[in-house]
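Working notes for the structure below.
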Amino acid sequence: MRYMPVVTLVWAAFAAAGDDGGTAIARLESGEYALRRGGREYARCALPAVKGVEPPAVAVAAAGDGWTRLRLTWTLPKAVAQDEAALTFRLPEDVDFWWAPHLAPNAGDCIAQHVFRSPALIAAAGPRVLAIVPDLDICGAAAATPWFMDIDAPARTLVLGLGQTKIIGHVHYHRAPGMVLGPGTVELGFYATAYEDPAAPPNPWARTAAFLWTRWGRPLFERGEPATAPLDAYVTHTYRWAFESWKEAIWQEFTLDGVRVGAPKFIANTTESPNYPGPMDQREFLSIWNQAWFSSLRSATGVARWARRKGDAALGEKAELTKAFALAAPMRDGLFPAVYRTAMEQVEVGGVRVNRSKGWATGYWTNSNRVPWERGVTDAWYHILDASFTALLMLRWNEEIAPDPKLAAYAETYATKLLSLQDAKGFFPAWIEPATGRISEVLRESPESAMSATCLLKLAAVTGAERWRRAALKTVDALIRDIIPQGRWEDFETYWSCCGWGKEEFLGRKVPRCGMFKSNTLSMFWTAEALLEAYRATRRDEYLRWGRRVLDELSMYQQVWQPPFIHVPALGGFGVMNFDGEWNDSRQTLFCELFMDYYRATGDPVLFERGTAALRSGFVMMYCPENPKAKPLWEKVWPFFGKEDYGFTMENYGHVGTADRGGGGIGSFTIYDWGNGAAAEARNRVYDHYGDVYVDRARGHAFGIDGVAAEFRGGAIRLVDRVARPRKVKVVFEDGSALAIELDGAAVVPLEGASEAGSSRPAGGR
């Protein structure tokens, strides 16, 4: 028998945000519990039952800022077989907004605890918002009683409970029988808030995102998680791995159309380790990419920054070779390809058939194969997103690494073509067929356009030409009008990567049962970035408010706690989308600085903390001695790994929707440009812009980035090293000036006397 208690929500009784009385929960004569705030009732809750035992003990406590906790505790003298114990929240008819961290598209589907990164169930009717957050202090503590959530918009229900789940697709969770409760203590609980939000634009994630971080994320962050070593130690491992111990497998250098070029290859797997006892078997075609996802040019900027800081001429030359590769992409009517690949073949080695490249002599230009083949788009088609990101990186290299007229000219030629592709609404197309110039209707109006807006705003800042700025703002306005209010975060990865579910039925429309689009975090990042750049270009507060809304939605995919069922450091990492299982995905190092930049625009310290945690999380999956939790998991799965493999980094963890202490979820391949090379680039970029410690004297905030605790104390900044001693750290101030500090355990930094002015970017720049 299943027990399905009902919670009735009364929207008219919602207290306005800021009421002094907080929330009270009172037991009614019926046995239900009424949730009241400001003297008004807004919910009633019947408690779930466990068959054959006494009702649970109920503990209610205020949690601050309008949040209230309800925790249920059963004491079971013996085990009880019961498929489910859950609270079902039934909502009124006038709900017009729904959000959950994962899709549950069909009856019987659910949201398993594996995807509880920033778990919440949110519903809104106009300005009235309800949020339910699982009690993460007890969530997942017992393996036999895993947690789940569910969302059913047509039935107007939200569910939080205990129950087994199964995976029926990538990554599609379904409820499953067979749960056994007890013996002993069994707990279930949640935090809830209800309020009216008069903000314009409305931001239904703001309060929940802030609560999740301050309650669970910040305490972990203040203890120094997730990184366990100086970040430069990880960068050192990365470059030794790519350019020394795994050089034969990773570094590619050849002549292309008479120009010497080089770059790390796209992907490598464990069979390419120098310690692997069998024949090497290439997972995918040998190639080099300059795509919005896997970008060798992005990684090369990190190598260039490191080479400049360390005085390493050999690494600097490798960065230049990769820049030369990007410039070698042949333009055709202003557009250019993103991928250079070789022909492949199967050969027999020791009686085993394996995949091998035929060599760079067979190389040819093409584009990403993450495309809608079923709708006629092939990997021969230009992807505007990829080109805009590459052009943006060229402009940033020219500005921040070293002036190069070829980079600026290449980017401007492309931008001229880009303007001709903008439609009347302001969008840019996704894919264009090279031979005919035909534009695909797939993602014709999508958040991918945000990347083109950012590229054009950078070009406008460099050249002063109004036409670039005008076109970019037209795009930003289109995103505000047609994308953000709907939460339509559809891009190439949403349907044409690991998880293709829904592309036939739900492309361009919400999943009815969930009231949500299938959504990807890359789209959110590009859009938030474009809005911040639009704000910087215009100082229009509207752009900043919309940008913060998007950033808060993106924050709901960031990991804010350390679950007992995730066996690597979790804080700060990101998931991919609302229908996938990854933790600690490599996009976190792409995202990290944007959060820091939003701090500079808003003054909200939570954002800088989130950005710092995201940066550190980019290294926790690396195989190396500095990662004592991850290293043994690698060795359980790949026992031949040794010191030559230090630096190997899987792009994420728990990809298929599960993880275990035996190494399940650890992976078998690495993508330099979406793994260790990308993380190293982010560390080096953030170091140049924000140092190891960032001090905002005007606002009274100090942030330790690289394993340093920093706080204002007695008219100075006190630093305490958490990860190594002695070492030199760079302190950057809000005006861009910097100090080099010898740190041996602790140090005091004066608020005056900064030197090296100009060594970091000016305040407000990017």
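Checking each residue in the range 166-199 for being more than 26 Å from Arg44 (Cα to Cα) and not small (Gly, Ala, Ser) picks out Lys166, Ile167, Ile168, His170, Val171, His172, Tyr173, His174, Pro177, Met179, Val180, Pro183. Checked against the criteria, Leu571 does not count as free of Cβ contacts under 8 Å to residues at least 60 places away in the same chain and buried (at least 24 other Cβ atoms within 10 Å of the Cβ).
The residues listed here are Glu196, Glu187; of these, the one that is at pLDDT below 95 and of a type in the set (D, E, K, R) is Glu196. Across the range 194-227, the number of residues qualifying as crowded, with 21+ Cβ neighbours inside 10 Å, over 18 Å from Asp604 (Cβ atoms) and within 19 Å of the chain's Cα centre (by Cα) comes to 2. From the list Gly515, Gly547, the one residue that fits, being out of contact with any strand residue (DSSP E or B) (no Cβ under 6 Å at 6 or more places or on another chain) and small (Gly, Ala, Ser), is Gly547.
Could you grab me the full set of residues in the range 738-754 that are outside any strand (DSSP E or B) and touching a residue at least 12 places away in the same chain (Cβ under 8 Å)? Of everything in the range 738-754, those that are outside any strand (DSSP E or B) and touching a residue at least 12 places away in the same chain (Cβ under 8 Å) turn out to be Gly745, Leu751, Gly753, Ala754. Consider Asp735 carefully, then state whether it is touching a residue at least 24 places away in the same chain (Cβ under 8 Å), closer than 19 Å to Lys310 by Cβ and not polar (S, T, N, Q). No; evaluated as a whole, the condition is false for this residue.
To keep it simple, each residue is scored yes or no on (1) of a type in the set (Val, Ile, Thr); (2) outside any strand (DSSP E or B).
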| residue | (1), (2) |
| --- | --- |
| Leu47 | no, yes |
| Glu54 | no, yes |
| Ala61 | no, no |
| Thr68 | yes, no |
| Thr75 | yes, no |
| Val95 | yes, yes |
| Leu103 | no, yes |
| Ser118 | no, yes |
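Residues considered: Glu505, Glu466, Glu493. Of these, the only one that is more than 29 Å from Phe579 (Cβ to Cβ), at pLDDT 95 or above and among the acidic types (Asp, Glu) is Glu466. I'd like the residue in the range 82-93 that is farther than 24 Å from Lys166 by Cα and assigned to a loop (DSSP other than H, G, I, E, B) and, out of all such residues, is nearest to the chain's Cα centre (by Cα). Only one residue fits best here, namely Leu91. The residues of the range 318-357 that are under 30 Å from Thr436 (Cβ atoms) and out of contact with any helix residue (DSSP H, G or I) (no Cβ under 7 Å at 6 or more places or on another chain), listed by number, are Ala328, Ala329, Pro330, Arg332, Pro337, Val339, Tyr340, Arg341, Met344.
hydroxyl-bearing (Ser, Thr, Tyr), modelled with pLDDT of 95 or more, farther than 16 Å from Ala324 by Cα and assigned to a helix (DSSP H, G or I): does that describe Tyr414? Judged against the criteria, Tyr414 is a match. Scanning the range 659-696 for residues that are out of contact with any Phe, Trp or Tyr (no Cβ under 9 Å at 6 or more places or on another chain), surrounded by fewer than 21 Cβ atoms within 10 Å (Cβ to Cβ) and in a loop (DSSP other than H, G, I, E, B) returns Arg661, Gly662, Gly664.
Sort through Tyr543, Tyr646, Tyr557, Tyr598 and tell me the only one that's under 20 Å from Pro134 (Cβ atoms) and in contact with a helix residue (DSSP H, G or I) (Cβ under 6 Å, 6 or more places away or on another chain).
Going through Tyr543, Tyr646, Tyr557, Tyr598 in turn, the sole match is Tyr557.
A single member of Val235, Val261, Val303 is modelled with pLDDT of 95 or more, assigned to a strand (DSSP E or B) and either out of contact with any Asp or Glu (no Cβ under 9 Å at 6 or more places or on another chain) or farther than 22 Å from Ser668 by Cβ (or both), and it is Val261. When Thr527 is tested against the conditions (1) of a type in the set (Ser, Thr, Tyr); (2) surrounded by fewer than 24 Cβ atoms within 10 Å (Cβ to Cβ); (3) in a helix (DSSP H, G or I), the lone failure is (2).
Criterion applied to Leu607, Leu594, Leu551 was being surrounded by fewer than 24 Cβ atoms within 10 Å (Cβ to Cβ), part of a helix (DSSP H, G or I) and under 12 Å from the mean Cα position of the chain (by Cα), and the one residue passing it is Leu594. Take the residues in the range 393-411 that are within 22 Å of Asp673 (Cα to Cα) and among the small types (Gly, Ala, Ser), then tell me which one is nearest to the chain's Cα centre (by Cα). Among those residues, the one meeting the criterion is Ala411. Among the residues of the range 722-739, the ones that are within 23 Å of Phe619 (Cβ to Cβ) and either modelled with pLDDT of 95 or more or basic (Lys, Arg) (or both) come to 8 in all. Residue count for the range 423-463 under the criterion of being surrounded by fewer than 17 Cβ atoms within 10 Å (Cβ to Cβ) and on the phi > 0 side of the Ramachandran plot: the result is 1. The residues on offer are Trp431, Trp496, and the sole one that is hydrophobic (A, V, I, L, M, F, W, C), farther than 17 Å from Trp526 by Cα and out of contact with any Lys or Arg (no Cβ under 7 Å at 6 or more places or on another chain) is Trp431.
The values are calculated or read from the model by the stated rules, or taken from the named source; none is laboratory data. None of these values were measured; they are calculated from a predicted model. When we count neighbours, we look across all protein chains shown, and the Cβ atoms used for this are built from the backbone with ideal geometry, even at glycine.
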